[in-house]
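**Student:** There's a structure below that I have some questions on.
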Amino acid sequence: PIDPESPASATGTQGAASATGTQGAASATGTQGAASATGYKGAASATGDHGAASATGDYGAASATGKASVAAATGLNGSAKGASGCAIVLVRRDVDGTIIHIRASKVGENGVKPGVWYSLDENGEFMECAE
């Protein structure tokens, strides 16, 4: 049987990793890799160039550190961070899951600092998360 809390990884070019369990972790390290974490408190990381990390579960976290990669957190109370030149996408939801705000930025622009975790505040503005 598959352990839903074990990490999934993709290391080759255009590899895909998916973690669906509670606190699952998915990592894509190859060029154009994709990592997706859909469970509660899941984590997705894209470290290869042109990669994508997506965290769709509540309290999910997505990070993009490979050149020109994207991190997107779309669940309730999600967070994202990226390296300079990457992009982050964040969604703010109400307790019923309705989308209230969505915001995206290239890291290094719009006050978004490299290597810092962000979420959206009640006004849809980027706010730094406590580590």
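Throughout, read-outs are computed from the coordinates displayed, never taken from laboratory work. Everything numeric here is computed off the predicted structure, so don't read it as measured data. Backbone-built Cβ (ideal geometry, glycine too); neighbour counts: all protein chains shown.
**Student:** Taking the Cα-to-Cβ direction at Asp58 and at Gln14 and moving 7 Å from each Cα, how far apart do the two end points lie in nm?
**Tutor:** 3.7 nm
**Student:** Can you compute the equivalent ellipsoid semi-axes for the range 81-131, i.e. the square root of 5 times each eigenvalue of the Cα gyration tensor, sorted largest first and rounded to whole Å?
**Tutor:** Rounded to whole Å, the semi-axes are 20, 11, 8.
**Student:** Using every pair of alpha-carbon atoms in the range 67-106, split the distances into 5 Å bins beginning at 0 and state the percent of pairs per bin, rounded to integers.
**Tutor:** The percentages, shortest bin first, are 6, 28, 29, 16, 13, 6, 3, 0.
**Student:** Could you please report the charge total around Ser84, scoring K, R as +1 and D, E as -1 over all other residues with beta-carbon less than 12 angstrom from its beta-carbon?
**Tutor:** Result for the local shell: +3.
**Student:** Shifting gears a bit: If packing is taken as the average number of other Cβ atoms within 10 Å across a peptide's residues, how do 57-70, 91-104, 21-34 rank, most packed first?
**Tutor:** The most tightly packed comes first, giving 57-70, 21-34, 91-104.
**Student:** Once P(r) over Cα pairs in 10 Å bins from 0, in percent is worked out from the coordinates, which option in (i) 12, 33, 27, 19, 9, 0; (ii) 17, 45, 31, 6, 0; (iii) 12, 46, 35, 6, 0 does it equal?
**Tutor:** This structure yields the entry labelled (ii).
**Student:** Looking only at Thr20, Thr11, Thr74, which one moves most when the chain is put into a Gaussian network model with springs between Cα atoms under 10 Å?
**Tutor:** Thr11
**Student:** Cα to Cα, under 16 Å, and not fewer than 8 places away if on the same chain: which lysines meet these conditions relative to Lys113?
**Tutor:** Leaving aside lysines fewer than 8 places away in the same chain, those within reach of Lys113 are Lys67, Lys81.
**Student:** Ok, one more. Counting Lys +1, Arg +1, Asp -1, Glu -1, what net charge surrounds Pro114 among other residues with beta carbon under 14 Å of its beta carbon?
**Tutor:** With Lys, Arg at +1 and Asp, Glu at -1, the net is +2.
**Student:** Let me know the charge dipole size of the chain about its Cα centre in debye, to the nearest 20, where only the beta-carbon of Lys, Arg (+1) and Asp, Glu (-1) is charged.
**Tutor:** It works out to roughly 360 debye.
**Student:** If you don't mind, there's one more thing I want to ask. Among Tyr40, Trp117, Ser84, pick out the residue whose Cα is farthest towards the positive end of the charge dipole of the chain, where Lys and Arg carry +1 and Asp and Glu carry -1 on C-beta, about the Cα centre.
**Tutor:** Working it through, the farthest residue towards the positive pole turns out to be Ser84.
**Student:** Relative contact order for the range 37-101 using alpha-carbon pairs under 8 Å, separation at least 6, rounded to a whole percent?
**Tutor:** Relative contact order here is 24 percent.
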